[in-house]
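Trainee: Before anything else, here's the structure in question.
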Amino acid sequence: MDRHNMDKHNVELSLDGFRYFYRVLPNPESNLDPIVLLGGIFQSIDTWTKYAQYLNQFAPVILVDPPGSGDSDLLPAHYGADFLAASLLKVLVTERVPRANVVASSYSTPIAYRFGQLYPDKMSRMVLVGTMKETPPDQVENCKTALTFLQTQQMKEFTKIVINHLICQNPQVSINRRSLVARILRFTLLKLSIECRNKYQQNILRWMNHPPLDLTDTPDVSALIFTGRHDSFTKPEYCREMAQSFSDGVYTTVQNADHLVHIQQFQTTMELTMNFFMGLSLESVANCTPIEYFNQPMKSMKPVKSMKPMLSELAA
């Protein structure tokens, strides 16, 4: 990776007149390809700091707020995944990155998927956390209701439907940090600025009306796809369907978690991601359902007990 722009401030780019931002965390000692982080609909560069710092121990990290996200310009809903994939390409070209590992969560997974289809030579491996090929009819109706509340500034009602949508509501299911995550999400949504509300309106419309992803032409890369075992939004069966379509797909779910698995099971999420990128054993990661490999024989990976000893070695 070229080191001309490696401080931690946000770098501004523009595509078709829409400003957007990215941030680079260097790791000159790493031989791994840089890891690109793309967040969910309510996330931004700043909300991914904890995750970026973890991953940065192993590789350079590039956090991206494509148009429509974070502090980037509002992006009208008719701009789809192709445009957003092109915005990611411009980041890699600007940073002179030949290939990158890409991590995408929820809202941004179609961007990563389309990026892999359009620019397979620019992607090393891909991790999709909470994804599906299309928004099913029942979810479309929920999105329409949420959108109505947002458009009419009924923020309490909007917040309630989003929380019920993203967090498992079954009291008999054990979810790590469920109450805390709900409080954080409620506080965040009730404090949204008018600018953010307008962005979310367009983003909800963008994916609500997005055509199904073409699973007959999956990106020619190795892909790990997972979510929380109790995800009621991008349900496990939707994620498994995606993984099964890849020529080299891997699938699992994380115990005691739902769609917000990265918050509820941070360590497991990070270990799955880094073990996959480093070619290490996924079976060694705790709190997962059995790992499934599709369309390739099970890979012979070096088993490790945990990423924690590796972190200690790096810090030494």
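Trainee: So how many residues does region 73-99 have that are over 14 Å from ALA112 (Cβ atoms) and touching a Pro at 6+ places or on another chain (Cβ under 6 Å)?
Mentor: Adding up the residues that qualify gives 3.
Here is a yes/no grid of residues against (1) part of a helix (DSSP H, G or I); (2) hydrophobic (A, V, I, L, M, F, W, C); (3) in the same structural domain as CYS288 (by TED's automatic domain parsing):
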residue: LEU147; (1), (2), (3): yes, yes, no
residue: GLU157; (1), (2), (3): yes, no, no
residue: ASN164; (1), (2), (3): yes, no, no
residue: ASN170; (1), (2), (3): no, no, no
residue: VAL173; (1), (2), (3): no, yes, no
residue: ARG183; (1), (2), (3): yes, no, no
residue: ARG186; (1), (2), (3): yes, no, no
residue: CYS196; (1), (2), (3): yes, yes, no
residue: ASN203; (1), (2), (3): yes, no, no
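Trainee: Within region 213-230, does at least one residue satisfy the condition of being surrounded by 16 or more Cβ atoms within 10 Å (Cβ to Cβ) and within 15 Å of CYS143 (Cα to Cα)?
Mentor: So far as region 213-230 goes, no, none of its residues is surrounded by 16 or more Cβ atoms within 10 Å (Cβ to Cβ) and within 15 Å of CYS143 (Cα to Cα).
Trainee: While we're on this one: Can you find a residue in region 126-134 that is assigned by TED's automatic domain parsing to the domain that holds MET270, in a helix (DSSP H, G or I) and under 21 Å from the mean Cα position of the chain (by Cα)?
Mentor: no
Trainee: Does GLY80 satisfy being more than 29 Å from ALA257 (Cα to Cα) and of a type in the set (Gly, Ala, Ser)?
Mentor: Spelling it out, GLY80 is indeed more than 29 Å from ALA257 (Cα to Cα) and of a type in the set (Gly, Ala, Ser).
Trainee: Show me the strands (runs of 3 or more DSSP E) found entirely inside region 4-111 where at least 1 residues are surrounded by fewer than 21 Cβ atoms within 10 Å (Cβ to Cβ) and of a type in the set (Ser, Thr, Tyr).
Mentor: It comes to 11-15.
Trainee: Continuing with the same structure: So, in region 150-169, exactly how many residues are modelled with pLDDT under 95 and more than 24 Å from the chain's Cα centre (by Cα)?
Mentor: 3
Trainee: From the set of residues in region 170-210 that are aromatic (Phe, Trp, Tyr) and touching a helix residue (DSSP H, G or I) at 6+ places or on another chain (Cβ under 8 Å), which is modelled with the highest pLDDT?
Mentor: Going through the qualifying residues, I end up with TYR200.
Trainee: Another question, if that's okay. Could you give every pair whose Cβ atoms fall below 7 Å, whose first residue belongs to region 51-66 and is closer than 24 Å to ARG19 by Cβ, and whose second residue is outside any loop (DSSP other than H, G, I, E, B) and among the basic types (Lys, Arg), counting only separations of at least 6 or pairs across chains?
Mentor: Hits for this filter: LEU63/ARG23.
Trainee: I'd like to know if region 279-296 contains one or more residues that are part of a helix (DSSP H, G or I), touching a strand residue (DSSP E or B) at 6+ places or on another chain (Cβ under 6 Å) and at pLDDT 95 or above.
Mentor: no
Trainee: From (1) buried (at least 24 other Cβ atoms within 10 Å of the Cβ); (2) modelled with pLDDT under 95, pick out the condition that doesn't hold for VAL140.
Mentor: The number of the failed condition is (1).
Trainee: Go over the candidates ARG125, ARG186 one by one and state the one that is within 25 Å of GLY70 (Cβ to Cβ), in contact (Cβ under 8 Å) with a residue 40 or more places away in the chain and out of contact with any Gly (no Cβ under 8 Å at 6 or more places or on another chain).
Mentor: Going through ARG125, ARG186 in turn, just one is within 25 Å of GLY70 (Cβ to Cβ), in contact (Cβ under 8 Å) with a residue 40 or more places away in the chain and out of contact with any Gly (no Cβ under 8 Å at 6 or more places or on another chain): ARG125.
Trainee: Considering only region 112-121, how many residues are surrounded by fewer than 21 Cβ atoms within 10 Å (Cβ to Cβ) and either in a helix (DSSP H, G or I) or touching a Cys at 6+ places or on another chain (Cβ under 9 Å) (or both)?
Mentor: So the answer is 4.
The values are calculated or read from the model by the stated rules, or taken from the named source; none is laboratory data. Small disclaimer: the values here were computed from a predicted structure and weren't measured. Every residue, glycine as well, gets a Cβ built from its backbone with ideal geometry; the counts of neighbours run over all protein chains shown.
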